[in-house]
Amino acid sequence: MKKTLVIVYWLLLLVPALVIGGLALRLLRHEGARLDSAAAASARGRAQVLADQVVVSVQELEEKMGESLAAIPRAGRVETLSAWERDNPLIRNAFALDAKGGFVHPDPAVPLTGEQEHFIRRYEGLFSGRVPWEKPAADAVVAAASSPAYASPRREFARLADSSFAKVSAAAPAAPARAGASWIPWYADNQLHVMGWVKDDADGTRYGVELEMAAVLSRLAPVFAGSSEGGTYALLDGEGRVMFQSGAAGVSSGVVPVATAPIGALLPHWEVGAYGAAGAGAGAGRAFVLVTGLQVALFVAAIVLGGSLLLWQAHRHWRDAMQKTSFVSNVSHEFKTPLTSIRMYAEMLAEGRVKDDARRTEYLKVIVDQSQRLTRLVNNALDFSRLEQKRRAYRPELFDLCVLAEEVLESQRVRLQEAGLRLEVDAPGVPCVVASDRDAVTQAILNVLDNALKYAAEGGQLRVELACRAGRCTARFLDRGPGVAAAHRERIFDNFYRVDDSLTAKQPGCGLGLSIARRMMRDLGGDVRFDPREGGGSVFEVMVPCEAPGGGKAA
Ligand code: ADP
């Protein structure tokens, strides 16, 4: 498979996988956002339920208090109001005005307490008549907004005017619809105060009470007590301060709630905030996106990895197939050349066309040489198939490696001479006894020698060093040929691998000689190795483990 084709296939696999993965992640993010908003909606819903319960509680309180207020008889009203102010924890201040709006309680003749003074200043707009009692909404707000003492830093009273007070007049009308009092939520000093008042239509007098907010809040405890399951909820005032909270997780002012629900006109700008586990659904959404996103990423990685593996396998099979095809054509070519020579010379001799004895001897030598070449080829081919099928059987025997190497060199002396290679042999002069397979070692030496003849003839010299030391008997073949470039040094031992250069292209071969030699030597505990030769050329070393004196293998 060509490299570009592999890249195209790989891209065909990678691009759709990444696109699908990307789309899946987008969908997931969508789904995560949907889950988050669903969780927030449920938290908001729960907060709204609590807000409604707060409204009911406050309404109930105001109704009861309003009824009691309206039921105070004219005679003894001031005394009753004073007693309430003193004894009822729900009441912070009380007041009574005469028909003209003048104070009857607190008694103008008696010096005011600090609290009473603050109270009168707080509601100055109402008491002065600037803000109408019946319709306090917009006017009250304008009055409050124009008074720097009552201005809220956070809330704009204009907005307040549009919303809450307007709603107050609609939802909890200032003019009593039934027997009871009218209630006015009133902002001063950034705090909400609630006042209830009654007008005695018979004499035009007006009286009322201001609620103690801390006591009102304590009435809301049961509402929040039952809400702890499913998260933390808090009642927040107009400034976002936590007035009351439920649930395990403590909430401090300033922490942004995941959802809020307004209390409404009774307590304007107050709201119920949902925190922590109430927003756990949102966290679940994120966790869902994370876990599923990880699964998608794993899935895409598995597709890309699996696909790449399959592609790599296909590439390997394709390469093997190509190698086998080239092996068949190379082997056929290698067989054809010697067979043609043998046939040609044999026919000439058979037909008696060669009369000269010297010529006849020369032709016979060619026939012998070529048939030896055929034998080497056949041996290599057979060895390869046996090695591939793991059927190569070895018959170890004791022999002297130096003697064997010299015999092989002797058998090839004429070829070496004809190739112009001057042979130098450096033998140790002592036996190098090995216990190995004689044929396999012969084949390995022949293959290395054959390569020297094919690729290093121009170097003009082949040095063979035989040695036996450190438990290894070695036959080193040192030529002055072109050597092997670093990039190919290990690959020349691969099946069918031939260096892609002009010198190799000119020589017959199928890239099996070195791989067969190394595989057989390794099977026998030895090796075949390449080293660049100093000054240029190659060193091929055939190594066989030594047989120690006494029969055992040397360490
Ligand atoms: P073949 O000789 O059939 O091509 P081999 O396995 O014997 O296969 O050798 C593999 C390759 O190693 C050769 O194609 C050649 O390029 C390179 N080679 C082997 N011996 C030598 C050498 N002595 N000098 C330079 N190159 C060599």
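Treating only the Cβ of Lys, Arg, Asp and Glu as charged (+1, +1, -1, -1), what charge dipole size does the chain show about its Cα centre? Round to the nearest 20 debye.
2600 debye
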Can you tell me, using C-alpha contacts under 8 Å and at least 6 residues apart, the relative contact order of the range 436-520 as a whole percent?
32 percent
What's the FRET efficiency of Leu339 with Val499 using the Cβ-Cβ distance as r and R₀ = 22 Å, to the nearest 0.05?
0.25
Once the in-chain neighbours fewer than 8 apart are removed, the aspartates and glutamates whose Cα is under 19 Å from Lys506 read Glu334, Glu418, Asp450, Glu458, Asp479
Applying the Karplus parametrisation 6.51 cos²θ - 1.76 cosθ + 1.60 with θ = phi - 60° to the phi angles of the range 495-510, what ³J(HN,Hα) value in whole Hz is obtained for each residue in order, glycine and proline being reported as x?
4, 6, 7, 10, 5, 8, 9, 5, 5, 5, 4, 6, 9, x, x, 10
Rh by Kirkwood over Cα pairs, then Stokes-Einstein D for the range 449-507 at 1.306 mPa s and 10 °C, µm²/s:
122 µm²/s
5 Å is the cut-off here: which amide hydrogens, built 1.01 Å from N in the peptide plane, fall below it relative to His193, excluding neighbours closer than 5 in sequence?
Trp186, Tyr187, Ala188
Among Thr474, Gln461, Ala505, the residue whose Cα sits farthest towards the positive end of the charge dipole of the range 444-555 (+1 at Cβ of Lys and Arg, -1 at Cβ of Asp and Glu, taken about the Cα centre) is Thr474
Under 14 Å from the Cα of Lys324 - aspartates and glutamates, other chains or at least 8 residues apart
Glu388, Asp494
Rounding to the nearest 10 and keeping the result within 0 to 90°, find how far the Cα-based axis of helix 513-523 lies from the longest principal axis of the chain.
80 degrees
Round to a whole angstrom and tell me the spacing of the C-alpha centers of the range 476-530 and the range 403-427.
20 Å
Which of Ala43, Ser128, Ser68, positive extreme of dipole for the range 1-138 (C-beta unit charges)
Ala43
Built amide H within the under 5 Å cut-off of Asp437, gap 5+
Glu397
Heavy-atom accessible area of the chain with neighbours in place, 1.4 angstrom probe: carbon+sulfur share in percent works out to 58 percent
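Compute the Cα gyration tensor for the range 23-116, then decide on rounded, prolate or oblate, letting a ≥ b ≥ c be the square roots of its eigenvalues: rounded whenever a/c is under 1.5, prolate when a/b is larger than b/c in the other cases, and oblate in all that remain.
The shape class here is prolate.
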Note on the chain: contact order normalised by length, alpha-carbon pairs under 8 Å, 6 or more apart, percent, works out to 12 percent
Take the alpha carbon gyration tensor of the range 343-417, find the square roots of its eigenvalues, order them as a ≥ b ≥ c, and report rounded if a/c is under 1.5; if not, report prolate when a/b exceeds b/c, else oblate.
oblate
Give me the accessible area per residue for the chain, probe 1.4 Å, as a whole number in Å².
52 Å²
Take the alpha carbon gyration tensor of the chain, find the square roots of its eigenvalues, order them as a ≥ b ≥ c, and report rounded if a/c is under 1.5; if not, report prolate when a/b exceeds b/c, else oblate.
prolate
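The values are calculated or read from the model by the stated rules, or taken from the named source; none is laboratory data. Note that this is a predicted model, so its numbers are computed, not measured. Counting neighbours? That spans all protein chains shown, and the Cβs are built from the backbone with ideal geometry, glycine included. Each accessible area value is taken on the protein alone, full model and side chains, heavy atoms only, with ligands, DNA and RNA left out. Shrake-Rupley method; radii C 1.70, N 1.55, O 1.52, S 1.80 Å.
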